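The values are calculated or read from the model by the stated rules, or taken from the named source; none is laboratory data. This one's a predicted model, so the numbers in the text were calculated from it and none came from an experiment. Neighbour counts are summed over all protein chains in view; Cβ atoms, including those assigned to glycine, are modelled from backbone coordinates with ideal geometry.
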Amino acid sequence: MKTLFLLLYFAVTISPSHSALIDHHIRNKIEEFNIRPVKTLPINPNRPLIELGHQLFEEKKLSGNRTISCKTCHNPDTGTSDGLPLSQTENKKGILRRNAPALYNAGLASHNFMFWDGRIYYDPKTKIFTTPEELLNGENPKASEITSVLTSALAAQALFPLVSRNEMMGNAGENEIADAPDTMRAWDKIIERLKNENPTGVDTESYAALFSKAYPEISPDNINIGHVGEAIAAFEREEFQSTGSPFQKYLRGDNGAMTREQKEGFAVFMGRGHCIQCHTGGELGEKNMFASVASPQWGEAPLVLDKGRGEITGDEKRNFFFLVPSLLNINLTGPYMHNGAYQTLREVIDHYDYVSESLNNFVITPELQKKIPVKVAVAGSQVILDDIWLSSQSGLFPELKNRLRLNDQEKDYLEIFLKEALTDPKWDR
Ligand code: HEC
Ligand code: HEC
């Protein structure tokens, strides 16, 4: 009789305290992995700069053929991306080789690499840029009139879609920007165009006026493409902040912010899933490290392999490495991976659960092909598949060496965590 009472006693007291136990467990792990909430940035007092950046972000006149703006591929209605596995070219006839990343919290100071391969880098200590344009690079850049204006990797990034033929510039013979003999002169042509025109949809004010309000101390003759990049970045930094998800609230101390299932999923994320090894910090991916997770390679036929970081560094050991992305608002930003290979988060989870199997069995489904206006192909030869798989086995990331063997319950929890806990209601439209 006594034992029965004792058992009853435990049954009653243990079940309500289960939630306290899981909070205790998770909060210990949060300390262990030093996960801190994303901070809201101070409001930029230069409002004209933000307004100029906003206008430019949505301005089709920035593209050679006046057909496409940053927003076309980074639209808040599709998770600040375009909802496509691979973005379409400016003339909509072809595809780019990569998936358009989301821009949430793009302006955080930790984001010193831009693009999936990190080909733009800004060192905040030395203020040195590394970009695809030599003239911006190094300690004494030749184009110092531009670099002296730029204060972040984000600002430098904004210069490059403008001069990429497929993204925004168009082809030679189509417009004056695409006809320029080199990148510097293409940027000059963009500035010339802006100086002579009004923002789209605005009759009353010229770009010249907007620039002089945003940069009152700069004479109009000295406005250059750096001022365009800096204004766009100022807008992106302020606009695309995301700090309101249940996960962020939980990190800020509110135990009630996440449901029990979301917490179980977070525990898998930090525990048996080993996801936290790469998806670190309050963004679950602070965009400052590269890794290979052996995601499938596919794209326009005939396929050219995308070796990611390896192409930039020339180091074969970095082949198929990509920037570890943030997972905040991940439910809004599919398809997934640098090339949109996976359409759902469950597919991503299954990939991690058994990497080699998922890589070897990847196929282009009719639904996937439907979203792409050109013929596509998959890297399928065993030699290449082995190469891709080996890149994830380099020893840098022992967590990918073994199958995770997550059970369905664990996968469900993980999916719930990714889908629900990481979604900021502010951006869920
Ligand atoms: C045609 C579609 C398209 C247009 C237009 C476009 N982008 Fe992108 N954007 C992409 C793709 C695709 C990538 C990834 C490319 C890569 O990694 O090589 C990208 C990458 C980025 C990144 C890097 C994000 C990260 O986390 O690394 C930023 C920031 C960005 N774009 C901002 C802009 C801005 C600002 C403009 C306008 C000046 C713009 N984009 C125009 C498709 C586009
Ligand atoms: C070895 C480092 C590493 C580990 C471990 C890891 N990831 Fe990733 N994750 C990455 C990299 C790198 C990418 C981009 C890969 C690519 O595009 O090919 C990525 C991409 C993703 C994406 C797609 C993001 C997007 O914007 O398209 C999701 C979702 C994701 N990971 C979730 C997880 C989960 C869940 C786990 C644990 C089961 C996990 N990751 C474990 C490095 C890692």
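Points worth noting:
- Of the residues making up segment 338-369, those that are in contact with a Pro (Cβ under 8 Å, 6 or more places away or on another chain) and of a type in the set (A, V, I, L, M) are A341, L359, L368.
- Counting only residues that are within 11 Å of ligand 1 (Cβ to nearest atom), touching a Lys or Arg at 6+ places or on another chain (Cβ under 6 Å) and among the basic types (K, R), segment 47-84 holds 1 of them.
- Any chance N44 is of a type outside the set (G, A, S), more than 22 Å from the chain's Cα centre (by Cα) and either within 12 Å of ligand 1 (Cβ to nearest atom) or not in a loop (DSSP other than H, G, I, E, B) (or both): no
- Output for segment 401-418, where each listed residue is within 30 Å of K317 (Cα to Cα) and either surrounded by fewer than 19 Cβ atoms within 10 Å (Cβ to Cβ) or in contact with a His (Cβ under 8 Å, 6 or more places away or on another chain) (or both): K401, N402, R403, L404, R405
- Restricting segment 346-357 to residues that are surrounded by fewer than 20 Cβ atoms within 10 Å (Cβ to Cβ) and of a type outside the set (F, W, Y), the residue that is nearest to ligand 2 (Cβ to nearest atom): D353
- Single match in D77, D117 (criterion: among the acidic types (D, E) and either in a helix (DSSP H, G or I) or not assigned by TED's automatic domain parsing to the domain that holds I232 (or both)): D77
- For G273, the stated conditions do not hold, so it cannot be described as assigned to a loop (DSSP other than H, G, I, E, B), in contact with a helix residue (DSSP H, G or I) (Cβ under 9 Å, 6 or more places away or on another chain), within 18 Å of L21 (Cα to Cα) and of a type in the set (G, A, S).
- Elements of type helices (runs of 4 or more DSSP H) in segment 347-394, at least 1 residues being within 30 Å of G271 (Cα to Cα), touching a Lys or Arg at 6+ places or on another chain (Cβ under 9 Å) and touching a residue at least 12 places away in the same chain (Cβ under 8 Å): 355-360, 382-391
- Residue within segment 380-388 that is surrounded by fewer than 18 Cβ atoms within 10 Å (Cβ to Cβ) and of a type in the set (V, I, T) present: yes
- Subset tally (residues that are more than 26 Å from the chain's Cα centre (by Cα), farther than 20 Å from I312 by Cα and surrounded by 15 or more Cβ atoms within 10 Å (Cβ to Cβ)) for segment 119-151: 1
- Among (1) of a type outside the set (F, W, Y); (2) away from ligand 2 (no atom under 16 Å from the Cβ); (3) in contact (Cβ under 8 Å) with a residue 40 or more places away in the chain - the single one T72 does not satisfy: (3)
- Any helices (runs of 4 or more DSSP H) falling wholly within segment 158-263 and containing at least 1 residues that are in contact with a Pro (Cβ under 8 Å, 6 or more places away or on another chain): 159-162, 183-195, 207-214, 246-251
- Subset of segment 166-194 that is within 21 Å of I120 (Cα to Cα) and free of Cβ contacts under 8 Å to residues at least 24 places away in the same chain - its residue that is surrounded by the most Cβ atoms within 10 Å (Cβ to Cβ): R185
- Top-ranked residue of segment 253-294 - restricted to ones that are within 11 Å of ligand 2 (Cβ to nearest atom) and touching a His at 6+ places or on another chain (Cβ under 7 Å), ranked as modelled with the lowest pLDDT: K287
- In segment 311-339, the residues that are more than 13 Å from ligand 1 (Cβ to nearest atom) and over 29 Å from G282 (Cβ atoms): G314, D315, E316, K317, N319
- Residues that are near ligand 2 (Cβ under 9 Å from one of its atoms), at pLDDT 95 or above, in contact with a Pro (Cβ under 8 Å, 6 or more places away or on another chain) and among the aliphatic types (A, V, I, L, M) are absent from segment 320-327.
- Residue check for L328: within 21 Å of the chain's Cα centre (by Cα), closer than 21 Å to A267 by Cβ and surrounded by 21 or more Cβ atoms within 10 Å (Cβ to Cβ): yes
- Among residues that are within 11 Å of ligand 2 (Cβ to nearest atom), in contact (Cβ under 8 Å) with a residue 60 or more places away in the chain and either surrounded by fewer than 22 Cβ atoms within 10 Å (Cβ to Cβ) or of a type in the set (D, E, K, R) (or both), P302 is not included.
- Test: E286 is in a loop (DSSP other than H, G, I, E, B) and either more than 14 Å from ligand 1 (Cβ to nearest atom) or out of contact with any helix residue (DSSP H, G or I) (no Cβ under 9 Å at 6 or more places or on another chain) (or both): yes
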